[in-house]
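A quick write-up on the structure given underneath.
The values are calculated or read from the model by the stated rules, or taken from the named source; none is laboratory data. All values derive from a computational prediction rather than experimental measurement. Here the Cβ positions follow ideal geometry from the backbone for every residue, glycine too, while neighbour counts run over all protein chains shown. All accessible areas refer to the heavy atoms of the entire protein, side chains included, with ligands and DNA or RNA removed. Shrake-Rupley method; radii C 1.70, N 1.55, O 1.52, S 1.80 Å.
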Amino acid sequence: MTELTRLSFSIEKPLLEQLEKLRKDSKYANRSEFIRDMIRQQLVGRQWQDDRETLGTVTLLYNHDLHKLSEKLTDLQHHHHQSILVSTHVHMDKHLCAEVLLVKGRASQIRRLANLLRQQKGVLHGALSISSTGKSLT
Ligand code: NI
């Protein structure tokens with residue numbers, strides 16, 4: 001782990017109050033950890049903006065009764081197997097399925113894959129959650 005450096009800085013009182021409100025709302029007990037995580041959040045956003053190698057999850061909810069939808073989604077995943085690290089399928093009820101894919105690759109490729117999957121007819125909800133491979137976050 002990298003050595004910690006203590007620092008002091010000036011901040012307007014109302015802005016400090018806003019920071020404390022954000023910290024409490026986010027249930028962080030430790031202000032330093034909250035600020036470190038805010039910085040990391042900015043860095044992850046920057047990695048995605050700069051189209052760097054990233055990590056993300058794609059969640060899909062769909063009705064498997066729809067003609068050939070399951071096959072279509074499986075075909076698309078096979079076609080993009082280099083980007084998909086792991087996938088999980090859960091049968092939600094008699095008709096609905098949920099899948100979560102852990103994906104890794106350039107940000108633009110992951111976005112394209114997530115959009116391709118969620119725009120298939122019969123996919124009721126599709127969401128991309130962005131994360132990071134962890135490089136440059138420590
Ligand atoms: Ni299922």
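Restricting the first member to region 92-103 and to residues that are assigned by TED's automatic domain parsing to the domain that holds Leu69, and the second to residues that are acidic (Asp, Glu), the beta-carbon pairs closer than 9 Å and six or more apart or on different chains are Lys94/Asp65; His95/Asp65. Please determine, by comparing only the residues of region 90-105 that are closer than 16 Å to Arg118 by Cβ and within 11 Å of the ligand (Cβ to nearest atom), which one is farthest from the chain's Cα centre (by Cα). Restricting to residues being closer than 16 Å to Arg118 by Cβ and within 11 Å of the ligand (Cβ to nearest atom), the top hit is Leu96.
Evaluation of Lys72 against the conditions (1) in contact with a strand residue (DSSP E or B) (Cβ under 8 Å, 6 or more places away or on another chain); (2) within 16 Å of the ligand (Cβ to nearest atom); (3) outside any loop (DSSP other than H, G, I, E, B) shows that the sole unmet condition is (1). Among the numbered conditions (1) open to solvent by less than 70 Å² (accessible area, probe 1.4 Å); (2) at pLDDT 95 or above; (3) not acidic (Asp, Glu), the only one that Gln49 does not meet is (1). For the residues Val86, Val103, Val90, the requirement of being assigned to a strand (DSSP E or B), closer than 19 Å to Gly45 by Cβ and out of contact with any Pro (no Cβ under 8 Å at 6 or more places or on another chain) singles out Val103. Being touching a residue at least 12 places away in the same chain (Cβ under 8 Å) and open to solvent by 60 Å² or more (accessible area, probe 1.4 Å) holds for only one residue in Val86, Val44, Val58, and it is Val86. A residue that is charged (D, E, K, R), surrounded by 14 or more Cβ atoms within 10 Å (Cβ to Cβ) and free of Cβ contacts under 8 Å to residues at least 40 places away in the same chain occurs somewhere in region 112-131.
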